[in-house]
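Data first, discussion second: the structure below is written as structure tokens.
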Amino acid sequence: MDKKVWQWQRTINSQTFLLSSNRTLLPHAFVQESFATEDMYWARPMSSDQLRTMLSNSLTTGVYLISPDNTTTPVGMARIITDYITFAYLTDVYLQPSYRALGLGTWLIQCCREIVLEMPALRSLVLLTGSEQAAKLYRKELGMQLLEEEDTALTCMRARRATLADAASAAGPIPQDEPEATDA
Ligand SMILES: CC(C)(COP(=O)(O)OP(=O)(O)OC[C@H]1O[C@@H](n2cnc3c(N)ncnc32)[C@H](O)[C@@H]1OP(=O)(O)O)[C@@H](O)C(=O)NCCC(=O)NCCS
């Protein structure tokens, strides 16, 4: 499934847009610039090596404006971190300001829904959001619910890097056996 390329196309106000998971279409500079915007307050630009690793380990859908000469210009993205079978985490949903309120955000989320619905043993699609408007969109298009509404037996937990590091310092080194001496 991870070799599959998902692709959709639609025209809005005489502008044609492509939504594609084709990795080769997505310029890394677009992701870095998007991560640097205040709109993506949860993200930060990173080294090019880190970005390459991040993108090669996730399924990223880009939204592109197609010019009459077939050039694709990126205008948005959404990233799905997944094992392609059981679990998907949706993050980094973004459209450049001049392409908002056209229905492209809804389309992007609907296409992500189609991709995730193909996962054969999907247990959960999960996301975090700080935006009430985005939460409304996710409820409508993805059937997203707060965990306590859906299943009181489950708790949603998370650790930021700092709390994870604090837990590691409090716990000390991981117990492990000394390597056995081997005869030379
Ligand atoms: C989220 C986002 C991709 C939606 O794109 P869009 O092009 O405005 O989406 P649509 O035109 O399809 O509109 C869908 C709905 O999303 C709402 N919306 C969702 N998130 C929003 C946000 N962060 N800011 C403004 N509106 C948002 C719109 O108000 C609209 O609601 P309506 O249908 O009741 O009018 C876009 O607003 C964006 O990039 N925001 C900045 C990044 C962000 O906040 N991402 C989500 C983080 S969880």
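Okay, here's what the table says:
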| item | result |
| --- | --- |
| Loop-located trypsin sites (Lys or Arg not before Pro) in region 2-49, at most 14 other Cβ atoms within 10 Å (DSSP) | K3, K4 |
| Fewest-first sequence of Y99, Y41, Y64 by Cβ atoms within 10 Å of each Cβ | Y41, Y99, Y64 |
| Computed [θ] at 222 nm, helices only, for the chain once each DSSP H run of length n ≥ 4 contributes -39500 (n - 2.57) | -9000 deg cm²/dmol |
| Sorted by Cβ neighbour density within 10 Å, fewest at the top, the residues E148, E33 | E148, E33 |
| Listed residues C112, I85, S169: farthest to the positive end of the dipole of the chain (Cβ charges) | C112 |
| Environment charge of E114, counting only residues whose C-beta is closer than 14 Å and scoring Lys/Arg +1, Asp/Glu -1 | +1 |
| Cα gyration tensor category, rounded, prolate or oblate, for the chain with a/c compared to 1.5 | prolate |
| Neighbour net charge for A167 - beta-carbon separation under 15 angstrom, K R +1, D E -1 | +2 |
| Under 16 Å from K140, Cα to Cα: aspartates and glutamates that are on another chain or at least 8 residues apart | E114, E132, E149, E150 |
| Within the chain: Cβ-based charge dipole about Cα centre, in debye rounded to nearest 20 (Lys, Arg +1; Asp, Glu -1) | 860 debye |
| Residue exposure sequence - W6, W42 - by fewest surrounding Cβ within 10 Å | W42, W6 |
| Rounded if a/c under 1.5, otherwise prolate or oblate - region 4-89, Cα gyration tensor axes | oblate |
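Computed from the coordinates by the stated procedures, all read-outs in this text should not be read as laboratory data. Since we're looking at a predicted model, the values are computed, not measured. Note that we place each Cβ from the backbone using ideal geometry, even for glycine, and neighbour counts take in every protein chain shown.
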